[in-house]
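See structure below.
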Amino acid sequence: MARGHLRIYLGAAPGVGKTFAMLNEGRRRASRGTDVAVAYIETHGRANTAAQIGDLPLIPRQRVEYRGRTFEELDLDAVLARKPDVVLVDELAHTNVPGCRHEKRWQDVETMRDAGINVISTVNVQHLESLHDVVEQITGIDQQETIPDSVVRGADQVELVDQTPEALRRRMAHGNIYAAEKVDAALGNYFRVGNLTALRELALLWLADKVDLSLQDYRERHGIAAPWETKERVLVTITGAPGGDDLIRRSARMARRTRGELIGVHVVRSDGLRAGSERDGADTITQRRVLLEEVGGRYVEVVGADIADALLQVARAENATQIVLGASRNSRWSDLWRGSVVHRLVRNAMGQLDVHVISGEDHHGEPRGAATFTRSSRLQSVSPTRRAIALALAAAGLPLFTVALVAARDSMGLQNTLLCYLLAVVGIATVGGVAPGLLASVVAFLLLNFYFTPPLHTFTIANGRDGFALFALLVIGGVVSVLVDLAARRRAEAYRARAEARMLATMAGITADDPDPLPRLVDQLGSAFGLAGLAVMAPRGDRWEVEAAADAAGLIRHPDEADHRVALADGAVLVWSGRSLTGEEREVLASFTTQVTLARHRRVLQREAEQAMAQAKANELRNALLAAVSHDLRTPLASIRAAATSLLARDIEWQPEAREELLRTIDDEAARLNNLVGNLLDMSRLRTGEVATRPQVVGADEVVGAALASLRGATHAVVLDVPDGLPPLIVDPALLERALANLVDNALRCSPDGAAVRVEAGAVGDTVHVRVIDRGPGIPAADRDRVVLPFQRLGDQPGGLGVGLGLAVAKGFVEAVGGELRIEDTPGGGATMVVVLPTDGHAVAIAP
């Protein structure tokens, strides 16, 4: 008997329509004559889902008694007895009540499949075992019901049921998922846009991995070796050669840009040799393996006789699309003798995958082609090594060369022998420059004269033509030596000019991109010239201030401590210790000190600009304060004075009721005035950073109750929903009380007559959310950043009271106690202020 098939509808979150899609598939199959039965459906009270069942036959559920209560569960025995072609089973991750045959519902489904029954089921991504901790971190909810990933991956078909977060929240707001009384709490907790977006991405990534495994299995079964570019996979070589860390980081950036996978491969030679440099070591490979895992890569180690073939085999097995490896540090002779890994890899991978060869750093840590101006960059004709080799050839090679020519003297003749010596002199001059070339010319002249020019074995020249030929040899050798030396010097000048241009371009880029380029410029100069303790110092009264330094270990505190100095503008100096600079290096340094001077001036201008900006903000605050005082503060004062003047009038006899009304007016307006002045003082404290917090453990109900008690007026229109048992808060209760009072007062003023303001609180992960919900006009998303700025009322009540500081003070105090203030829409109209508060002593991270 063939085993039944399993089809699963995978959802990113509750309410996306998994059950509806499953029932729709069941009805479609039933319409084609398939025997379809419903074993278990959970409608959650949704009318549309219940209606979708239609005329599909239902298998009765079994009733299980447990701890005095009766539960309905899937009746496995009834399903096996009925044995339909297809059975619909909702909520695959469900845990059965004790007393059922199996602990989990997915185990019931496996039994059905063993009996040859095809099953269609549903599961949410938050129930997958491998994602349990990730979902808990995102949502703050510990999912008790989980299912092994192997069960879902083993399904014959997995179909993702998806909706955008905005569409799902709209369904929630319309009451299509939860009952109306649960909508606000759900939207503010689990069904936040960030949560839904993260869950959706998890579902897509998990399903993509399953599809990738299916594709790999298909390629193996059909013998397909060439990679298919369904997903970018970057394969980077792991060796112990210098620059390997940068190679891994570069590859990681390439993989991130394409949202691909990074795979690190280390090839161990089957003959016992390591791949790459001879400096490879186990410790270096281990360190780079750790680095690879830190940047999100996966490590693979293989054994192979040929490195290029081993890399290609791994690339084909992993379906890689790109290979990244460092440039070869072997000499050209070594590449010709042993062969180049890079060349073989490029040739063998032609048309299958991309090969990236990245130039690394040399063994000194300097990037190839980096501009440096140390002593080694002086204008030299040739290197000391080349000069030594040429001198050895002139002193020892020419005599040995002469021994060989003497043996063939009778058959070659003087002219051919002269040409041979001329070639040797030119070769030595080309290698070593002036001194070896001149030495070779003289040695060749003497040897040719003594051993080959008649009369032999004397320095006498019998024939004038032979003397001219020997003299020409001497002159040609000298001329070639001088020309080689000049060419080498011009080459050194070109390299030096290129290095200087690169350095200037680098420093110009630093000056253009960095807001404060001085530290980076000084560090670049110290690295380029190899100077110890390089620093820029400026006089400040009777002391010297270090504005920037390139070497903190050898930091110089006073110019007198330095070995060398260069004067800058405004009395500042550039100082360093150690070696002196050559004249050429000082000439180059003079060009760079101009950039340093510009950077210092830029720092001064930036400081002045910041002061001007601060002054402008202070003026703006002052003007806003004057505007507020001229209108909003005078209004309650006018009411107070009018009421007081009326009471003091001797010609009017006030009735007790009228007198009480005037006194109440004075009291209300004084309270309003006190609130306005308090907000102004609080805003001033927030602006100057003088808000001192005294965190302590306090209950959310205590703070909310105290905030409402501090308000005057229509607090009877506030509906409280603060349950017992919430985690204790670790905040400054006085500041939080003032912030909540301002939020509730603002909600009361914005709400229409007869509409209540709700204050709710609930635990979300390791935080507590206090929500102040009104039914007013709401706050558009574009204005939510501006509404919490000082002196902003956004036209909500053009004729209303207040200076527009309530929300600004509330936001400042909430952040001062380590919380966060968010603004959301109220379903059905209005604004919801969400105060996120810490419960474990750690402030909530505030998104920029």
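Computed from the coordinates by the stated procedures, all read-outs in this text should not be read as laboratory data. Because the structure is a prediction, the values reported are computed rather than measured. Cβ placement follows ideal geometry from the backbone for every residue including glycine, while neighbour counts extend to all protein chains displayed.
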### Message
Less than 20 Å from a label point 7 Å out along the Cα-to-Cβ axis of residue 205: which backbone N atoms in the range 9-51 qualify, by residue?
### Response
10-14
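Only loop residues by DSSP count here, and only those with at most 11 other Cβ atoms within 10 Å; note down the trypsin sites (Lys or Arg not before Pro) in the range 721-793 that meet that.
786
How far, in nm, would the chain grow between residue 61 and residue 356 when pulled straight, counting 0.36 nm per residue and subtracting the alpha carbon separation? Before the final figure, lay out each step's value.
Numbers: separation 295, 0.36 × 295 = 106.20 nm, distance 6.19 nm.
Working it through step by step, the gained length comes to 100.0 nm.
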### Query
How much length is gained on full extension from residue 532 to residue 654, taking 0.36 nm per residue of separation minus their Cα-Cα distance?
34.9 nm
#### Entry: residue 505-residue 668 pseudo-label distance in nm [points 7 Å out on the Cα-to-Cβ vector]
7.5 nm
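Quick check on the range 1-81: take the gyration tensor over C-alpha atoms, sort the square-rooted eigenvalues as a ≥ b ≥ c, and tell me if it's rounded (a/c under 1.5), prolate or oblate. Before the final figure, lay out each step's value.
Values: a/c = 1.66, a/b = 1.17, b/c = 1.42.
Oblate.
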### Summary
Residue span residue 392 to residue 492: 0.36 nm per residue of separation minus Cα-Cα distance leaves a gain in nm of 33.6 nm
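Give a quick list of trypsin sites (Lys or Arg not before Pro) in the range 18-72 that DSSP marks as loop, anything other than H, G, I, E or B, with at most 11 other Cβ atoms within 10 Å.
On the way: sites: 18, 27, 28, 29, 32, 46, 61, 63, 67, 69; in loops: 32, 46, 61, 67.
Taking the range 18-72 and a limit of 11 other Cβ atoms within 10 Å, the loop trypsin sites (Lys or Arg not before Pro) found are 32, 67.
Please state the charge dipole magnitude for the range 1-57, taken about the Cα centre, from unit charges on C-beta atoms (+1 on K and R, -1 on D and E), reported in debye and rounded to the nearest 20.
Values: 8 positive and 4 negative charges, 41 e Å.
In debye, rounded to 20, the range 1-57 gives about 200.
Using mean Cβ contacts within 10 Å as the protection proxy, how do 812-823, 309-320, 451-462 order, highest first? Each step should come with its number before you reach the end.
Values: 812-823: 21.7, 309-320: 19.8, 451-462: 13.0.
The densest-packed peptide leads the list: 812-823, 309-320, 451-462.
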